[in-house]
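Below: the structure, in C-alpha cells.
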Amino acid sequence: MSAVHPTALVYSSAFDAYSYGDDHPFKLHRYGLALELMEAYGLLKLPNARRCDCRPVSDQQILTFHSPAYLARLKEFSASDQPRADFLFGLGDAECPVFKGLYDYAALGAGATLEACRLVAEEGFGAVLSLAGGWHHAHASRASGFCYLNDAVIAINWLLTQGRRVAYLDLDAHHGDGVQEAFYDSDQVLTISLHESGIYFFPGTGFEDETGSDRGQGYTVNLPLLAHTDDPLYMRAFDEVVYPLLAAFNPDIIVAQIGADTFRTDPLTRLEITTHSYAYIMRKLQALKIPWVALGGGGYDLMNTARAWTIAWAAMNGVELPPRLPASFVTKIHERGYPHRMLLDALHWADPHDRLLALDALEKSIAAIRKTVFPVLIGGDLARKL
C-alpha cells in the first residue's frame with residue numbers, strides 16, 4: 001500500500017435519527033462530535049480522501065453469521081412502538097434496549113462496515129474508517145453489549161468469499177467475543193484482541209488459553225490486561241505480540257476495531273491508556289502498509305472518542321496533527337461543558353503498585369502467547385528468539 005492510495009470515511013447522517021435512550025451510556029451523537037473535530041482540523045477536505053455514504057446490508061448478508069430466528073425476532077421488535085423483550089435473544093434488557101427502527105439502525109451500521117471493506121477489496125482504497133462500526137459483541141443468535149448485528153463478522157465473511165485473508169485486531173477495552181466465536185476454527189482469519197481481563201469484567205472471556213480449534217488452532221490470540229494497564233504497558237503489548245503476529249500472518253486486509261473505551265477517563269472501564277499510546281498504535285498500523293479498515297467501536301467519554309477517531313483518521317491519511325485542539329473547536333466544546341484543550345496527552349504511568357501487578361500479568365500473558373501461538377504463525381525457531 002503506497003501513499004497514493006485513496007482513503008475514505010464511511011458514515012451516514014441517518015444514524016442521527018436513532019437513540020438507545022437518554023439514560024443509556026451509548027450516545028450516538030459522539031459521531032457528530034468526532035466529525036466536528038475532524039472538520040476543525042481540516043481533515044474532511046483532504047485531497048486524497050473521500051466521504052462516503054452507505055446503505056443497509058441485506059438479510060442474505062446478515063444470515064452469513066446470524067440465525068434466521070434471531071433475525072426474525074429483531075425485525076419483529078424493530079417494527080413495534082411497544083416495549084418488548086426476549087431474553088433468549090438478548091433483546092429488551094437495559095444493555096440492549098429495543099426501540100422502533102432497531103433493525104434498520106443495526107443493518108445500516110453493518111452496511112457501513114461492508115462498504116468500507118468493499119472499497120478496500122474492489123476499489124483499491126488503502127485505508128477506510130467506518131465511524132459507526134465495531135459491534136463486536138453480537139453473537140449468532142443473541143444481542144449483547146449494546147450490539148445487535150456483528151458488522152465485522154458480516155464484512156469479513158464477504159471478504160472471505162472474495163478470496164482474502166483477513167486479520168481482525170480488537171483494541172476495545174472489552175473482549176471481541178462475537179468475532180472470536182465466528183472465526184474460532186478458521187485459519188483464514190487471525191483474530192487478536194487486547195482487552196481488560198474478563199476475570200471481573202464483561203464479557204468474561206478472552207483468556208490466553210482461548211487460541212482456536214481445529215484448523216483455527218493458533219489463529220485466535222487474546223491478551224487480557226489487568227486494570228490500570230497504562231501507556232507504556234499497552235505499547236509493549238502491541239509491539240511484542242500484535243505487531244510480529246500481523247507481520248507473520250501477512251493478511252490481505254486488516255480489520256481493526258479501535259474502540260476508545262481503553263482511556264483512563266472512560267466511565268465503564270479501568271484501563272489507563274491515553275491518546276499517547278493510541279496515536280502510537282494508529283501510526284504503527286499505517287506503517288505496516290497493509291490495506292486496513294478501522295471500526296469506531298466503544299467509548300463512553302465522548303471527547304475521548306472524538307479525539308481518538310480524529311487521531312486514527314489523521315494517521316490513515318499520513319497527517320501529523322498539532323497536540324492542541326483547534327481554538328475554534330475548544331470554544332464550541334467549552335460552551336457545552338467540556339474542559340479539554342489537548343488532542344495528544346502526555347505519556348501516562350499508573351500508580352506504582354497497580355502498575356507492578358499489571359506488568360506481572362502482562363509478562364505472563366506474553367510468555368503464554370509466545371509458547372502457544374508464535375510457533376504456529378511465526379515458526380518454532382524464530383518464536384524462541386523473540
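Odds and ends about this structure:
- Of residues in segment 153-164 being out of contact with any strand residue (DSSP E or B) (no Cβ under 6 Å at 6 or more places or on another chain) and either in a helix (DSSP H, G or I) or under 18 Å from residue 193 (Cβ atoms) (or both), the one most open to solvent (accessible area, probe 1.4 Å): 161
- Considering only residues in segment 313-366 that are open to solvent by less than 50 Å² (accessible area, probe 1.4 Å), assigned to a helix (DSSP H, G or I) and among the charged types (D, E, K, R), the one that is farthest from residue 278 (Cα to Cα) turns out to be 354.
- Residue 120 vs. criteria in a loop (DSSP other than H, G, I, E, B), of a type in the set (Val, Ile, Thr) and in contact (Cβ under 8 Å) with a residue 12 or more places away in the chain: no
- All positions within segment 175-192 that are farther than 22 Å from residue 141 by Cα, of a type outside the set (Val, Ile, Thr) and open to solvent by less than 10 Å² (accessible area, probe 1.4 Å): 190
- Segment 230-257 residues that are on the phi > 0 side of the Ramachandran plot, paired with ones that are open to solvent by 30 Å² or more (accessible area, probe 1.4 Å) and among the small types (Gly, Ala, Ser) (beta carbon under 9 Å, 6 or more apart): none
- Contact map, segment 66-79: first residue in contact (Cβ under 8 Å) with a residue 12 or more places away in the chain, second residue part of a helix (DSSP H, G or I) and open to solvent by 60 Å² or more (accessible area, probe 1.4 Å), Cβ cut-off under 7 Å, separation 6 or more or different chains; pairs are 78/104.
- Residue in segment 261-271 that is under 30 Å from residue 165 (Cα atoms) and out of contact with any strand residue (DSSP E or B) (no Cβ under 7 Å at 6 or more places or on another chain) present: yes
- Subset of segment 245-264 (residues that are more than 13 Å from residue 169 (Cα to Cα) and either within 18 Å of the chain's Cα centre (by Cα) or open to solvent by less than 30 Å² (accessible area, probe 1.4 Å) (or both)): 260, 261, 262, 263, 264
- Test for residue 214: is it of a type in the set (D, E, K, R), out of contact with any strand residue (DSSP E or B) (no Cβ under 7 Å at 6 or more places or on another chain) and within 17 Å of residue 363 (Cα to Cα): no
- Any chance residue 55 is modelled with pLDDT of 95 or more, more than 20 Å from the chain's Cα centre (by Cα), within 30 Å of residue 283 (Cβ to Cβ) and among the basic types (Lys, Arg): no
- Remark: residue 378 matches the filter, which requires a residue to be touching a residue at least 40 places away in the same chain (Cβ under 8 Å), open to solvent by 20 Å² or more (accessible area, probe 1.4 Å) and among the β-branched types (Val, Ile, Thr).
- Out of 81, 172, one residue alone is open to solvent by 10 Å² or more (accessible area, probe 1.4 Å) and not polar (S, T, N, Q). It is 81.
- Check on residue 129, within 21 Å of the chain's Cα centre (by Cα) and outside any helix (DSSP H, G or I): yes
- Long-range neighbours under 6 Å by Cβ, at least six apart or interchain, first residue on the phi > 0 side of the Ramachandran plot within segment 197-214, second in a loop (DSSP other than H, G, I, E, B): 204/198; 206/175; 206/198; 212/184; 212/218; 212/219; 214/185
- When residues of segment 1-54 are limited to those that are part of a helix (DSSP H, G or I) and without any contact (Cβ under 8 Å) to a residue 60 or more places away in the chain, the one least open to solvent (accessible area, probe 1.4 Å): 32
- Here segment 295-307 is the region considered, the condition is being hydrophobic (A, V, I, L, M, F, W, C) and either in contact with a strand residue (DSSP E or B) (Cβ under 6 Å, 6 or more places away or on another chain) or under 10 Å from residue 37 (Cβ atoms) (or both), and the residue that is surrounded by the fewest Cβ atoms within 10 Å (Cβ to Cβ) is 303.
- Enumeration of residues in segment 201-234 that are within 16 Å of residue 262 (Cα to Cα) and either open to solvent by 30 Å² or more (accessible area, probe 1.4 Å) or of a type in the set (S, T, N, Q) (or both): 202, 203, 222, 226, 228, 229
- Scanning segment 337-369 for residues that are closer than 19 Å to residue 222 by Cβ and of a type in the set (Lys, Arg) turns up just one, 364.
The values are calculated or read from the model by the stated rules, or taken from the named source; none is laboratory data. Everything quoted here is computed from the prediction, not taken from an experiment. Cβ sites come from the backbone with ideal geometry, for glycine too, and all protein chains shown count toward neighbours. Ligands, DNA and RNA are excluded from the accessible area calculation, which covers all protein heavy atoms including side chains. Shrake-Rupley method; radii C 1.70, N 1.55, O 1.52, S 1.80 Å.
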